[in-house]
Amino acid sequence: MKILILGSGGREHSFAWKVAQSKKCTKLFVAPGNAGTAQIAENVDLKLSDFESIRNFVLEQEIEMLIVGPEDPLVQGITDFFAEDPELKSVKVIGPSKRGALLEGSKERAKEFMAMHNIPTAAYESFTVESLEAGKKFLETLTPPYVLKADGLAAGKGVLILDSLDEAKAELESMLSDKKFGAASAKVVIEEFLDGIELSVFVLTDGKNYKILPTAKDYKRIGEGDTGLNTGGMGAISPVPFADKDLMEKIEERIVKPTVKGLQKEAIDYKGFIFIGLIKVGEEPFVIEYNVRMGDPETEVVLPRIKSDLVELLEKVSEVKLNEASLEIDEQAATTVMLVSGGYPEAYEKGKEITGFDAVQDSIVFHAGTKIEEEKIVTSGGRVIAITSFGTDYKEALKKSYQNAEKLHFDKMYYRKDLGFDLS
Ligand code: AMP
Ligand code: GLY
């Protein structure tokens with residue numbers, strides 16, 4: 001089978017690495033890809049928002065499966081675009097329809113979905129510029145901290161957590177009246193603050209059947225001890241040590257099953273991944289968000305722990321026969337440490353040569369923001385390389401990731417050295 005993966009980060013390199021191992025894959029393309037995907041697949045220079053060019057390429061190359069990495073093309077409706085085109089509709093697209101993608105594309109829609117299907121989440125109300133004063137009054141009824149969420153996609157920056165009521169009111173005004181996050185904050189969801197520890201659960205579904213993939217915990221803040229600005233993710237650990245049998249049963253019964261049933265009840269075409277962001281409050285799980293794709297860097301620890309052939313699983317998804325597939329998980333723990341450009345998530349320089357790849361031992365090097373320039377591998381983004389390792393537990397795996405992090409070099413390279421600090 002000829003397969004095309006859309007995206008260019010560590011997530012997509014991990015997908016390419018796993019798909020390339022499948023005996024079912026005869027030719028693999030990644031668009032636009034990075035220097036890492038170029039080593040195991042053919043990179044294609046396509047814009048993810050340009051569905052016509054993707055269409056032409058898929059037809060020319062007779063691509064049979066399309067795996068969509070990031071959320072943007074899904075929210076823009078790439079799955080529907082394929083389904084509605086007589087020449088493209090036989091392509092197996094992994095990623096939900098536009099209606100499914102709205103679970104990530106609109107926070108308000110996600111909250112309504114959860115309310116409708118009795119899925120535990122924080123209490124909320126949503127406001128627009130017309131109801132700004134009501135929003136301020138609503139804030140007065142809550143206890144701090146205050147959680148404000150831009151309704152639409154805001155590249156991971158749309159959530160504000162504020163300690164003072166005055167600040168919360170001022171931010172609400174700036175989101176609604178001054179469009180702090182552009183169109184994404186034309187509507188704002190204000191919700192109850194949940195105090196607990198976060199984890200993520202990943203589900204593969206064909207819209208009817210599902211498989212729960214390995215759990216993961218991401219480290220989002222730039223600074224050690226979870227301080228400083230939010231990033232796309234500075235590293236991840238799988239499995240989550242505190243996600244024991246009891247908690248996983250609650251998550252499956254109260255969250256995963258009603259989510260998949262909800263999709264079915266609402267006749268939403270959903271063939272792909274659901275990434276459920278959760279907070280464990282006391283012993284109880286609550287949903288903080290849905291994403292309609294895999295996480296990055298969570299994919300870099302989740303996929304390496306899947307022993308089964310991924311392409312076979314995805315074929316079953318496409319046929320709505322996921323119940324017939326088996327999912328085998330590696331018992332070992334996996335960790336990934338993200339090497340980032342100095343300055344990230346604010347301004348940083350690009351084009352720095354990366355060296356030391358040959359010295360890495362016993363880890364997998366996933367490229368995130370890299371490209372080839374004059375036959376050298378150079379940095380091309382904030383998050384540059386994810387180093388994934390295995391161990392009997394996360395501590396052993398982390399040790400290997402850190403040992404290998406020291407072997408890779410680029411100017412102003414930075415990484416967090418305290419992953420897992422909150423777990424023991
Ligand atoms: P999101 O973009 O929805 O994942 O939110 C970003 C981050 O804000 C999450 O990873 C949590 O750390 C935090 N967060 C979101 N909603 C809540 C909430 N209701 N209570 C506490 N923290 C939250
Ligand atoms: N690592 C968080 C995300 O992919 O959204």
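Every number in this text was worked out from the coordinates using simple rules, so none of it is lab data. Since this is a predicted model, take the numbers as computed values, not measurements. We place every Cβ from the backbone using ideal geometry, glycine too, and count neighbours over all the protein chains shown.
The table below lists the values:
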{"item": "Centre separation in Å (Cα based) which lies between segment 39-107 and segment 204-270", "result": "23 Å"}
{"item": "Extension gain, Ser131 back to Ser53 (0.36 nm per residue minus Cα-Cα distance, nm)", "result": "23.9 nm"}
{"item": "Length gained when the stretch Glu140-Lys350 is fully extended (0.36 nm per residue, less Cα-Cα span)", "result": "71.1 nm"}
{"item": "Amide H contacts under 5 Å for Ile288, placed H, 5+ residues apart", "result": "Gly277, Leu278, Ile279"}
{"item": "Reachable lysines, given that their alpha-carbon falls under 20 Å from the alpha-carbon of Lys187 and they are not under 8 places away in the same chain", "result": "Lys98, Lys107, Lys111, Lys136, Lys137, Lys149, Lys157, Lys169, Lys179"}
{"item": "Which of Lys211, Lys27 has the fewest Cβ neighbours within 10 Å, and the rest in rising order", "result": "Lys27, Lys211"}
{"item": "Estimated distance in nm for a label pair at Asp330 and Ile372, the labels positioned 7 Å out from Cα along Cα-to-Cβ", "result": "2.6 nm"}
{"item": "Other-chain or far-sequence residues with amide H under 5 Å of Val30's (modelled H)", "result": "Ile5, Glu42, Asn43, Val44"}
{"item": "Enclosed volume per residue, in Å³, of the convex hull spanned by Cα atoms of segment 1-151", "result": "164 Å³"}
{"item": "Angstrom value of the Kirkwood radius, inverse mean 1/r, which spans all Cα pairs in the chain", "result": "22.0 Å"}
{"item": "Translational D in µm²/s for segment 208-254 (Stokes-Einstein at 10 °C, 1.306 mPa s, Kirkwood Rh from C-alpha pairs)", "result": "126 µm²/s"}
{"item": "Reach of Lys399 by Cα under 14 Å, taken over aspartates and glutamates that are not fewer than 8 positions away in the same chain", "result": "Asp362, Asp418"}
{"item": "Residue among Asp358, Asp218, Asp80 with the largest mean-square fluctuation in a Gaussian network model of the chain, springs linking Cα atoms under 10 Å", "result": "Asp358"}
{"item": "Overall dimensions of segment 267-356 as given by Cα atoms, namely Rg and Dmax in Å", "result": "17.8, 51"}
{"item": "Per-residue Cβ neighbour rank within 10 angstrom, fewest leading, Phe29, Phe138", "result": "Phe138, Phe29"}
{"item": "Total charge dipole magnitude, segment 213-303, about the Cα centre, Cβ charges on Lys, Arg, Asp, Glu only, Debye to nearest 20", "result": "260 debye"}
{"item": "Over 25 Å between alpha carbons, listed pairs Lys18/Lys400; Lys217/Lys257; Lys24/Lys220", "result": "Lys24/Lys220"}
{"item": "Nitroxide proxy distance, nm - points 7 Å out along Cα→Cβ at Asp393 and Leu423", "result": "1.0 nm"}
{"item": "Dmax and Rg, reported as Rg then Dmax, of segment 306-375 (C-alpha, Å)", "result": "18.5, 48"}
{"item": "20 Å Cα-Cα reach of Lys23 towards aspartates and glutamates, excluding residues that sit fewer than 8 places from it in its own chain", "result": "Glu12, Glu42, Glu62, Glu64, Asp309, Glu312, Glu315, Glu319, Glu324, Glu328, Asp330"}
{"item": "Long-range HN-HN contacts of Ile354 with modeled amide H, under 5 Å", "result": "Ile377, Val378, Thr379"}
{"item": "Sorted by Cβ density within 10 Å, fewest first, the residues Val203, Val365", "result": "Val203, Val365"}
{"item": "Computed over segment 377-424, the ratio Rg/Rh where both radii use C-alpha atoms and Rh is Kirkwood", "result": "1.00"}
{"item": "Student exercise, segment 284-407 dipole from Lys, Arg, Asp, Glu Cβ charges, in Debye to nearest 20", "result": "280 debye"}
{"item": "Additional length obtainable on full extension of the chain from Asp85 to Lys157, 0.36 nm per residue less Cα span", "result": "22.5 nm"}
